[in-house]
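Everything below concerns the one structure shown next.
The values are calculated or read from the model by the stated rules, or taken from the named source; none is laboratory data. Predicted model only: the values in this text are computed from it and were never measured. We place every Cβ from the backbone using ideal geometry, glycine too, and count neighbours over all the protein chains shown. When the accessible area is computed, the model is the full protein with side chains, heavy atoms only, and any ligands, DNA or RNA have been set aside. Shrake-Rupley method; radii C 1.70, N 1.55, O 1.52, S 1.80 Å.
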Amino acid sequence: MISLWRNVWMLCALLLAAPAWSADKDYRMGTGDVVRITLYGNPDLTTEARVGEDGGITFPLIGAVKAAGQTPAATEKEIATRLAKGGFIVDPNVNLNIVQYRGQQVSVLGRVNRPGKQALETVSRITDVLALAGGIIVDGADTVTLVRTRDGKTEYRDI
């Protein structure tokens, strides 16, 4: 019976995009994330905004911009395109940084001290997520299975 429990897998189900195993460039913003947008040569347009429940942020001169589900690079490009097309700035250089990661939730299930959902405030490593769950209990396994859904497809990864 003890050996059976030692082989129980821990399951980290990553909801939305999974920053714990993807690079920052692949991160897809979510509701509640806080972003800082700067425009080279235009410090007066520096904006800090929270991604709203509607998935958007507001930027000066162009208004609402969809951010939820988008990468920071895609949102930078959208803002730059709209600033240029609107005739506001010629060849804008937009930079978007995520200040707080609130849109990402992770569920930690299995042989951990505090299973359940956790909100990630930064791009996290597996060890950080396990620490949020209080660590693996004594008879927990050495294997972690990450599960995430991206573009409607479920991916599994054993670590």
### Query
Give me the pairs: first residue in the range 99-121 and without any contact (Cβ under 8 Å) to a residue 24 or more places away in the chain and farther than 27 Å from residue 142 by Cβ, second residue assigned to a strand (DSSP E or B) and of a type outside the set (Gly, Ala, Ser), beta-carbon distance under 8 Å, and six or more apart or on different chains, which are they?
121/100
### Subset of the range 82-137 [in a loop (DSSP other than H, G, I, E, B), open to solvent by less than 20 Å² (accessible area, probe 1.4 Å) and within 19 Å of residue 70 (Cβ to Cβ)]
103
#### Entry: Residue satisfying all of: in the range 138-159; surrounded by fewer than 12 Cβ atoms within 10 Å (Cβ to Cβ) and acidic (Asp, Glu); farthest from residue 31 (Cα to Cα) among these
142
### Summary
Across the range 23-79, the tally of residues that are in contact (Cβ under 8 Å) with a residue 12 or more places away in the chain, over 26 Å from residue 148 (Cβ atoms), open to solvent by 30 Å² or more (accessible area, probe 1.4 Å) and among the β-branched types (Val, Ile, Thr) stands at 1
### Query
List pairs: first in the range 130-159 and of a type in the set (Ser, Thr, Tyr), second surrounded by fewer than 12 Cβ atoms within 10 Å (Cβ to Cβ), Cβ under 7 Å, 6+ apart or cross-chain?
143/158; 145/156; 145/158
